[in-house]
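Novice: Got a structure for you, questions after.
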Amino acid sequence: MESANLIRMANRIGDFFDAMPDRPEAIEGVANHIQKFWEPRMRTELLAFLQRHPDGVADDITLSPIVLEAVTTNRERLTPRSAEPR
């Protein structure tokens, strides 16, 4: 999936939770939503984008501040587990 599309999707999630008055709860909401509803490939690409652009800015796309904070503070939790041996 293209990074720009993922950033737009993540920012829409961030817009929803950014309206919450409790900032820590909003950040948790963003991270929780991405963890629960994004498939591993999407999370991997989002994390790779942040690896390449730690400030969340690349050309014409910018990760919103709430999403940037939610993903960077919850990076380990959002990193998909590698396939377990059978």
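The values are calculated or read from the model by the stated rules, or taken from the named source; none is laboratory data. Quantities reported herein were computed from a predicted structural model and do not represent experimental measurements. All Cβ positions, glycine included, derive from the backbone under ideal geometry; neighbour counts span all protein chains shown. Note: accessible area is taken over every heavy atom of the protein model, side chains too, but ligands, DNA and RNA are not part of it. Shrake-Rupley method; radii C 1.70, N 1.55, O 1.52, S 1.80 Å.
Novice: Around H53, which amide H atoms from residues at least 5 apart in sequence, or from another chain, sit under 5 Å from its own amide H, with H modelled in the peptide plane?
Specialist: Amide H neighbours of H53: none.
Novice: Carbon and sulfur together cover what percent of the accessible area of the chain at a 1.4 Å probe radius?
Specialist: Values: 2940 of 5680 Å².
Carbon plus sulfur share of accessible area: 52 percent.
Novice: Run the helix sum for the chain: -39,500 (n - 2.57) per DSSP H stretch of 4+ residues, divided by residue count, reported at 222 nm to the nearest 500 deg cm²/dmol. Write down the numbers at each step before the final one.
Specialist: Values: 5 runs with 57 residues, N = 86.
Estimated from H runs of four or more residues: -20500 deg cm²/dmol.
Novice: Rounded to the nearest whole Å², what accessible area per residue is found for region 3-76 with the 1.4 Å probe? Don't jump to the answer; show the numbers that get you there.
Specialist: Values: 4320 Å² over 74 residues.
With all protein chains present, region 3-76 gives 58 Å² per residue.
Novice: If you don't mind, there's one more thing I want to ask. Would you mind computing, in nm to one decimal, how far apart the modelled labels at F16 and T62 are, each placed 7 Å from Cα along Cα→Cβ?
Specialist: About 2.4 nm, to one decimal.
Novice: Quick check on the chain: what are the equivalent-ellipsoid semi-axes from the Cα gyration tensor, as sqrt(5λ), descending, whole Å?
Specialist: 20, 16, 11
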